[in-house]
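Here the structure is laid out as structure tokens; the discussion comes afterwards.
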There are 2 protein chains.
Amino acid sequence: MRFSDEMARKAQKTAKRPVRRRTEIGKSAPKRRNMRAADRERAIVDEAIRFFAEHGFEGQTRELAKRMGITHSAIYRHFPSKEALIERVYQEVYLSRWSPDWGPMIRDRSLSLEARLTRFYLDYAARVFEYNWVRIFVFSGMKSFGITGRYLDIIRREIIEPAAAELRHDLKLPDAKTHPLGERETELFWGLHGRIFYLAIRKFIYETPIPPDLDAIVRDAVQTFMDGARATMPRLLVRD
Amino acid sequence: MRFSDEMARKAQKTAKRPVRRRTEIGKSAPKRRNMRAADRERAIVDEAIRFFAEHGFEGQTRELAKRMGITHSAIYRHFPSKEALIERVYQEVYLSRWSPDWGPMIRDRSLSLEARLTRFYLDYAARVFEYNWVRIFVFSGMKSFGITGRYLDIIRREIIEPAAAELRHDLKLPDAKTHPLGERETELFWGLHGRIFYLAIRKFIYETPIPPDLDAIVRDAVQTFMDGARATMPRLLVRD
DNA sequence: CGCATTTGTGACCAAATGGTCATTTTCTGT
DNA sequence: ACAGAAAATGACCATTTGGTCACAAATGCG
């Protein structure tokens, strides 16, 4: 069978320029549309985000292209390689999920720390609890490109450590500048963060149901956390 | 180039039975070892667990085989397909990470609930915080085979709900049998669980450093949680 | 309108990949 | 020690997959 396959292919190759008629007889043709480069690029990125979120980065360019009604070759006109497309997807997804307000929000002492944390996590959940984001985040983590690490650094710097410092202030404990934050203190806040993010994992990674009223859960989480932290924090300072 | 390739292959195919001498001249040969079927099967499964944990289930059987010093064909003597191997890996990994003691431990009223939760999560962390387990768990979750769901069901039934019921008893609130557990109550405990598991995710999925003294963090987590839960729980009962 | 430029296509390639099988090598029981 | 059973190999296959390229179809614009 091998040989005739080969022959068939050669034959096909030789018979060049097959008459490709766009309009079938008596049928209004579904014209092929050429998009401007910039638009097509956007369209590809958008679809790629959805596609890779579902299938992981091993998903095939051909299938991705089919979903958009184009050929995979068209993708390669706009992106030099699959790697480059993936890199672009990272860029888009990561950049769109951080609000510059969040850092200041944590430090804004016109509200109680509990209120600030509640506002932040309500906002955070609203923005981050999305299929595409969560799955691409985790997929990229598993491929270990160091990208997730960079994102977590931001969270630590902008949320975790400031919040821990604020709790010190709240409880009238020594300032973080004189007594540096201990690991167990910051872990308290990583705990709150993990608790919230674990909801997203349950929903989008394990695809297990979570309560419909997410806001209530977030509020409860912050409240419970603050009650607990107020009790635990002084102990940590003594023992650290 | 295509054609001569083809020819070369055919030629090779024709020249059958190449003299394969095991011992090079004057060299002690590294003998090939035949293992008994059962042993080889175990060896394959063990290596596959490590391999798939690293590379995900798209990892190639050839590479897996190479790591064991055998050919990928040998794998197919012991497993009918890659799918079957993966299925077996699931079995092994999931089964080995649940202790029958855990359910009873939560219900054992000879210790305080806080002590029970501490014991459980210390034990849980010791058993579950392992590269292979965590990654295969998450990988399988992303492929959505419903396996992770089954595992979470066990956690809910054996840990989350019993623990919530115990907290009711602890706080002298109405029994769970007369007042069924509310979603927000069980979410409290999912919160604790998520908080702990998020440590594993940070370590093995994001590959970000976590504190070396995991036990201290677990203790703090349970303590903070209990302090918070004692304050929050009564509110939930009223509002639910 | 007409054509140069841009966008998209389909055939093709090479390497990878899951899987099969005839043959060879090793092992075990007698 | 040796024959038959069991284990392992390597050549092979079909299909998949990232990527290229010559050519065809749309489109902007003078």
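The values are calculated or read from the model by the stated rules, or taken from the named source; none is laboratory data. The model shown is predicted, which means the values in this text are computed figures rather than measured ones. With ideal geometry, Cβ positions are generated from the backbone for all residues, glycine too; neighbour counts draw on all protein chains shown.
Laid out as a table, the results:
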| read-out | value |
| --- | --- |
| Selection status of residue B:219, part of a helix (DSSP H, G or I), more than 9 Å from every other protein chain (Cβ to nearest Cβ) and touching a Ser or Thr at 6+ places or on another chain (Cβ under 7 Å) | yes |
| Search result, residues across segment B:42-90 that are in contact (Cβ under 8 Å) with a residue 40 or more places away in the chain, under 17 Å from residue B:135 (Cα atoms) and β-branched (Val, Ile, Thr) | B:45, B:49, B:89 |
| Flag if residue A:16 is modelled with pLDDT under 95 and either part of a helix (DSSP H, G or I) or near DNA strand C (Cβ under 9 Å from one of its atoms) (or both) | yes |
| Residue list for segment B:205-216, restricted to those being at the interface with chain A (Cβ under 9 Å from one of its Cβ atoms) and touching a residue at least 12 places away in the same chain (Cβ under 8 Å) | B:205 |
| The listed residue being surrounded by fewer than 20 Cβ atoms within 10 Å (Cβ to Cβ), touching a Lys or Arg at 6+ places or on another chain (Cβ under 8 Å) and of a type outside the set (Phe, Trp, Tyr), out of B:153, B:123, B:175 | B:175 |
| Residue A:123 vs. criteria under 21 Å from the mean Cα position of the chain (by Cα), assigned by TED's automatic domain parsing to the domain that holds residue A:189 and acidic (Asp, Glu) | yes |
| Selected residue (criterion: surrounded by the most Cβ atoms within 10 Å (Cβ to Cβ)) from residues of segment A:68-101 that are more than 9 Å from DNA strand D (Cβ to nearest atom), more than 14 Å from chain B (Cβ to nearest Cβ) and among the hydroxyl-bearing types (Ser, Thr, Tyr) | A:90 |
| Options B:226, B:142: the member that is within 9 Å of chain A (Cβ to nearest Cβ) and more than 26 Å from the chain's Cα centre (by Cα) | B:226 |
| Residues of segment B:164-204 classified as in a helix (DSSP H, G or I) and more than 14 Å from chain A (Cβ to nearest Cβ), total | 5 |
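Okay, residues lined up against (1) surrounded by fewer than 10 Cβ atoms within 10 Å (Cβ to Cβ); (2) modelled with pLDDT of 50 or more; (3) within 10 Å of DNA strand C (Cβ to nearest atom):
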position	(1), (2), (3)
B:1	yes, no, yes
B:24	yes, no, no
B:34	yes, yes, yes
B:46	no, yes, no
B:61	no, yes, yes
B:65	no, yes, yes
